[in-house]
Amino acid sequence: MLRRIFRWLFILVITLLALSVLWVIAYRFIPVPGTPLMLIRNITEDIPVKHKWIPIKDITPDMQLAVIAAEDSYFMQHNGFDWEQIEKAQADAKQGKKLRGASTISQQTAKNVFLWNGRSWVRKGLEAYFTVLIELLWSKERIMEVYLNSIEMGEGLYGVAAVAETNFNKKPSKLTRKECALIAATLPNPRKFSSKKPSKYILKRRDAILKNMIYIENTKLHRKSKE
């Protein structure tokens, strides 16, 4: 009986692993129709979801640069995890400083597309697993494309197309550099902060992101490392 249980558990684990890999491979080629967060918010909070998939070629490069400057300066260089930032966050936590996130764009994409919100060890473990998969099976451009189409950018707004059309009455390709930085400035908490009616804090954060965008361009951090 015990052998049968272990056998079925082994088959179950292998099946789930295979299905997860196929899921990631599928999303390498087809648009992501929605995310668990969209569904959860729509059901539990009855918030209408605005979401429209657009290819990355129709998104201004400044939007890509802005989120890198705001969220993950070494996105093009790392393999899914920024270990230096993780160590800094852990050191700050030990010293009793305010807890800060160290999630990369790859980790955020894995969480947004395949998982649910939460801080449990199970979810964090699955996030790491899916991060490894998308880094192995997708290109950096594809990760950025999925990220910009899936991330929450305002109350009920998911993806750059939704926020550009709703808050700026523009196509994503027509957003200005300042508008891109402003949208990126709200990402730590897009339900609290607004790119349509930015607070002084968000405007200050926007200006800091604009400066980091220039730094990243000058140091070519927005380009793929040849190593």
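The values are calculated or read from the model by the stated rules, or taken from the named source; none is laboratory data. It should be emphasised that the depicted structure is a prediction, and the values quoted were computed from it without experimental measurement. Note that we place each Cβ from the backbone using ideal geometry, even for glycine, and neighbour counts take in every protein chain shown. Remember, those area values only see protein heavy atoms, side chains included, never the ligands or the DNA or RNA. Shrake-Rupley method; radii C 1.70, N 1.55, O 1.52, S 1.80 Å.
Put simply, of 47, 54, 68 the only residue that is under 18 Å from residue 148 (Cα atoms), open to solvent by less than 80 Å² (accessible area, probe 1.4 Å), of a type in the set (A, V, I, L, M) and not in a helix (DSSP H, G or I) is 54.
Mind counting the residues in the range 71-80 that are under 13 Å from the mean Cα position of the chain (by Cα) and either aromatic (Phe, Trp, Tyr) or surrounded by fewer than 15 Cβ atoms within 10 Å (Cβ to Cβ) (or both)? Here the count works out to 1. Report yes if residue 145 is surrounded by 22 or more Cβ atoms within 10 Å (Cβ to Cβ) and of a type outside the set (Ser, Thr, Tyr), otherwise no. For residue 145, the condition - surrounded by 22 or more Cβ atoms within 10 Å (Cβ to Cβ) and of a type outside the set (Ser, Thr, Tyr) - is met. With respect to being open to solvent by 10 Å² or more (accessible area, probe 1.4 Å), at pLDDT 95 or above and in a helix (DSSP H, G or I), residue 124 falls outside the description.
Filtered by the rule that a residue be in contact (Cβ under 8 Å) with a residue 12 or more places away in the chain and among the basic types (Lys, Arg), the range 125-173 gives 140, 142, 171.
Looking only at the range 1-44, which residues are touching a Pro at 6+ places or on another chain (Cβ under 8 Å) and open to solvent by 90 Å² or more (accessible area, probe 1.4 Å)?
Looking only at the range 1-44, we keep the residues that are touching a Pro at 6+ places or on another chain (Cβ under 8 Å), and these are 42.
Correct list: empty.
Residue-wise test of (1) modelled with pLDDT of 90 or more; (2) open to solvent by less than 40 Å² (accessible area, probe 1.4 Å).
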{"position": "186", "(1), (2)": "yes, yes"}
{"position": "196", "(1), (2)": "yes, no"}
{"position": "202", "(1), (2)": "yes, yes"}
{"position": "221", "(1), (2)": "no, yes"}
{"position": "226", "(1), (2)": "no, no"}
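Could you grab me the full set of residues in the range 83-112 that are at pLDDT below 70, surrounded by 14 or more Cβ atoms within 10 Å (Cβ to Cβ) and either assigned to a loop (DSSP other than H, G, I, E, B) or among the hydroxyl-bearing types (Ser, Thr, Tyr) (or both)? Selection gives 102 alone. Output the number of the condition that residue 217 fails; it satisfies all remaining conditions of (1) modelled with pLDDT of 95 or more; (2) touching a helix residue (DSSP H, G or I) at 6+ places or on another chain (Cβ under 8 Å). Among (1) modelled with pLDDT of 95 or more; (2) touching a helix residue (DSSP H, G or I) at 6+ places or on another chain (Cβ under 8 Å), residue 217 violates only (1). Filtering the range 153-182 to residues that are open to solvent by less than 30 Å² (accessible area, probe 1.4 Å) and under 20 Å from residue 214 (Cα atoms) leaves 175, 180, 181, 182. Residue 116 falls short on exactly one of the conditions (1) in contact (Cβ under 8 Å) with a residue 24 or more places away in the chain; (2) open to solvent by 40 Å² or more (accessible area, probe 1.4 Å); (3) assigned to a helix (DSSP H, G or I); (4) not basic (Lys, Arg), and that condition is (3).
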